[in-house]
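Shown next, in structure tokens, is the structure this report addresses.
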Amino acid sequence: MPAQPKAILEELLKLLGFEATVEEHQLEDGIFLDVKTDDSGRLIGRQGQTLADLQYVTNRMLFQQDQNSPKVLIDVGGYRAKRAKPWCRRRRPPPRRSAAGATLWKMEPMSAFDRRVIYNSLKNDPGIEASSVEVEGTNKKAILLRPKH
């Protein structure tokens, strides 16, 4: 029997003591679960860490049931969508100069999900090259942008 992402997340939220509704949407590369709750701040956590952990646990539970289950992305109260909009609109942070004098843009450390949003928004931009760099002292990476030559 294939895994049911929405049912698993709803049960997990119930066991954690959250009253919430979950809407399921199909994506090209997986499933998007949108959680609506009055207690979104606790479910999102500091800088989205609780939300990231909830997504990880949900995906692990799905994978245990069905190794072919699609990857699940979870958002609570539009938190991730709101965080993505400024990046996609602004596109380029203030420039910095590298040691060699080239213009670089380095964004703050961010989660893999946030980096993916940025990469997707920039993938069709012919003038920018993006790469991830590790940020010392954290488990996060930052995106380094530079003009394509």
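For segment 1-79, place one equal point scatterer on every Cα, skip the solvent, and apply the Debye formula. What is log10 of I(q)/I(0) at q = 0.12, 0.20, 0.23 Å⁻¹?
Debye intensities relative to I(0), on a log10 scale: -0.29, -0.83, -1.09.
Heavy atoms only, probe 1.4 angstrom, no DNA, RNA or ligands counted: give me R60, R83 ranked by accessible area, highest first.
R60, R83
Which order, highest average first, do 25-35, 131-141 follow once you tally other Cβ atoms within 10 Å for each residue and take the mean per peptide?
25-35, 131-141
Given the peptides 15-21, 40-46, arrange them by the average over their residues of other C-beta atoms within 10 Å, most packed first.
Order by mean packing, descending: 40-46, 15-21.
The values are calculated or read from the model by the stated rules, or taken from the named source; none is laboratory data. Please read these numbers as outputs of a predicted model, since none were measured by experiment. Because the Cβ atoms are built from the backbone with ideal geometry, glycine has one as well, and the counts that use them run over all protein chains shown. Each accessible area value is taken on the protein alone, full model and side chains, heavy atoms only, with ligands, DNA and RNA left out. Shrake-Rupley method; radii C 1.70, N 1.55, O 1.52, S 1.80 Å.
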